[in-house]
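A short reminder: the numbers here are calculations on the coordinates, not readings from a lab. Being a predicted model, the structure only gives us computed values, none of them experimental. Ideal geometry is used to build each Cβ from the backbone, glycine not excepted, and the neighbour counts take in all protein chains shown.
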Amino acid sequence: MNLARLLLAILALILIGGGYAASQLAFFGGRSAEYARSIDQAPIAMLALVLLVGSIAIYLLSRSEVDS
């Protein structure tokens, strides 16, 4: 379970850090509006939902192991 938690944390760090870096590059490159339109898409929202559900699932699974 610790490995799954670590992998989820690394994935979240990469996605959040990558998104932040991409937004900064778009801002300083003068493409802020284009970048905002590109991330306001269904696949990005679905990825966020999968990350949220995965985080909740790992929390609940680790909690059930502690209770046992």
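Neighbour counts of other C-beta atoms within 10 Å: give me Arg37, Arg31 arranged from fewest to most.
Arg37, Arg31
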Given that just one value was derived from the coordinates, which of [x] -0.43, -0.56; [y] -0.52, -0.62; [z] -0.61, -0.71 is log10 I(q)/I(0) by the Debye sum over Cα atoms at q = 0.15, 0.17 Å⁻¹?
-> [z]
What list of ³J(HN,Hα) values in whole Hz, one per residue of segment 28-36 in order, does the Karplus curve 6.51 cos²θ - 1.76 cosθ + 1.60 (θ = phi - 60°) give from phi, with Gly and Pro shown as x?
-> 6, x, x, 10, 4, 5, 5, 5, 4
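To the nearest 20 debye, what is the magnitude of the charge dipole of the chain about its Cα centre, counting +1 on the Cβ of each Lys and Arg and -1 on the Cβ of each Asp and Glu?
120 debye
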For the chain, whose charge dipole is built from +1 on Lys and Arg Cβ atoms and -1 on Asp and Glu Cβ atoms, the candidate among Leu52, Leu25, Ser64 with its Cα farthest towards the positive end is Leu25
